[in-house]
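Written below as structure tokens is the structure these notes are about.
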Amino acid sequence: MKKISVIVPVYKVEGFLDRCVASIAGQTYRNLEIILVDDGSPDNCGKMCDAWAEKDDRIRVIHKPNGGLSDARNAGIEAATGDWLAFVDSDDWLDPRMLEILETQAEKHGAELAECSYRNLYKDMVKEETPCTGRVTVATPLQAIEGNLDWKNFKPVAWNKLYRADIVGAIRYPKGKLHEDEFTTHKFYLAAKTIVYVDISAYNYDRRREGSITARFSLRNLDACQAYHEKTNDVCHAPELAPIRQKMCDTYGWTLFDCLAKCADAGLSGPELDRTLADAMADRPMLEENGLNQLYRECFRVLEKKGLNACAAYWKGKSGQ
């Protein structure tokens, strides 16, 4: 059996950590290297990680100064020795057969990356992300990236996947960014030749934790716009991705103007917003050249002539947001 390195960033999750680690240690796929990255957590998480390492010799602990989620994942990548890599957020947990299913399907189809669906756990309900048909889809990088844009099967998140170590290579998560997987997932797809998707929920995404970094909008959420700025430039300069250029440009447009409207509503300003606006105006010719939807073209015109607040009002009126 090939070895899977499972990387778990850990920060202020005392009430969730045992559940997460137990779900990994209890996987039916046994040849694991479990890397717990204590990202300078100020609570008892570091001690809890060490206690797990004493109980299971497959567990290694890295104690490091706080650097954020991306930095912790990167530290785990650097330390990993497995043939495959997987990421698990420490407030989530895995179904017992998740890694076995992904590794089996990856080997069967000669894929360098495999992923499954997941279930969302809210305070008042549990919602499956997809219909969970059990269907297996084998895709090219173009098809996987298009799946991200359509938000149907392939998803741009980091944690529902199994990555062959050699495609990870020098790709790293951007330190200090929200939406860090939006910066990177398409790069992993492009480094692969074959991606396989299994339509079953095997990852449990817990949305109930108070204080989650994705719980409220702030200027940091403009990182999503920067991610799409980079992704769209990558797609528009890759000849093999020509069929999805327009769709990528439109997704960038939706993300951009939705975020700008939220900034206007909240009265936010600062260098993050200035950078987002500068990147967007620089990207505008490329977006329009590749078939940008008329709504987003009009938003650009209003933004240029009348400013942010007028653009936000126009966007909300036309988009129904």
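Some points to look at:
- For Ala278: the one exception among (1) free of Cβ contacts under 8 Å to residues at least 40 places away in the same chain; (2) over 25 Å from the mean Cα position of the chain (by Cα): (2)
- Verdict on Lys155 being under 15 Å from Glu115 (Cα atoms), charged (D, E, K, R), touching a Gly at 6+ places or on another chain (Cβ under 9 Å) and surrounded by fewer than 20 Cβ atoms within 10 Å (Cβ to Cβ): no
- Failed item in (1) at pLDDT below 95; (2) buried (at least 21 other Cβ atoms within 10 Å of the Cβ), with Arg208 passing the rest: (2)
- Only residues that are open to solvent by less than 70 Å² (accessible area, probe 1.4 Å) and touching a residue at least 40 places away in the same chain (Cβ under 8 Å) were counted in the range 158-178, giving 14.
- Checked against the criterion of being at pLDDT below 95, aliphatic (A, V, I, L, M) and either in a loop (DSSP other than H, G, I, E, B) or open to solvent by 50 Å² or more (accessible area, probe 1.4 Å) (or both), the range 189-205 has no qualifying residue.
- Residue in the range 261-275 that is closer than 29 Å to Gln143 by Cα and polar (S, T, N, Q) present: no
- Trp93 being open to solvent by 20 Å² or more (accessible area, probe 1.4 Å), aromatic (Phe, Trp, Tyr) and touching a residue at least 24 places away in the same chain (Cβ under 8 Å): yes
- Within the range 281-321, the set of residues being closer than 14 Å to Cys259 by Cα, within 28 Å of the chain's Cα centre (by Cα) and at pLDDT 95 or above comprises Tyr296, Cys299, Phe300, Ala312, Trp315.
- Residues (of a type in the set (D, E, K, R) and within 20 Å of Leu303 (Cβ to Cβ)) located in the range 225-259: Asp250, Asp258
- Checked against the criterion of being more than 25 Å from Gly76 (Cβ to Cβ) and not charged (D, E, K, R), the candidates Pro174, Pro141, Pro156, Pro131 yield just one match: Pro131.
- Counting only helices (runs of 4 or more DSSP H) that sit wholly inside the range 7-83, those with at least 2 residues that are touching a Phe, Trp or Tyr at 6+ places or on another chain (Cβ under 6 Å) and either farther than 17 Å from Lys161 by Cα or in contact (Cβ under 8 Å) with a residue 24 or more places away in the chain (or both) are 17-25, 69-79.
- Among the residues making up the range 40-60, a single one is within 16 Å of Ala80 (Cα to Cα) and either within 23 Å of the chain's Cα centre (by Cα) or acidic (Asp, Glu) (or both): Asp57.
- Filtered residues of the range 285-301 (kept if assigned to a helix (DSSP H, G or I) and buried (at least 18 other Cβ atoms within 10 Å of the Cβ)): Leu287, Tyr296, Cys299, Phe300
- Taking the criterion of being assigned to a helix (DSSP H, G or I) and either open to solvent by less than 30 Å² (accessible area, probe 1.4 Å) or polar (S, T, N, Q) (or both), the residues of the range 268-284 that qualify are Leu273, Thr276, Ala280, Asp283.
- Take the conditions (1) small (Gly, Ala, Ser); (2) within 30 Å of Pro9 (Cβ to Cβ); (3) free of Cβ contacts under 8 Å to residues at least 12 places away in the same chain; Ala266 misses just one of them, which is (3).
The values are calculated or read from the model by the stated rules, or taken from the named source; none is laboratory data. Quick caveat: nothing in here was measured; it's all calculated off a predicted structure. Ideal geometry is used to build each Cβ from the backbone, glycine not excepted, and the neighbour counts take in all protein chains shown. Just so you know, the surface numbers come from the protein's heavy atoms only, side chains and all, with ligands and any DNA or RNA stripped out. Shrake-Rupley method; radii C 1.70, N 1.55, O 1.52, S 1.80 Å.
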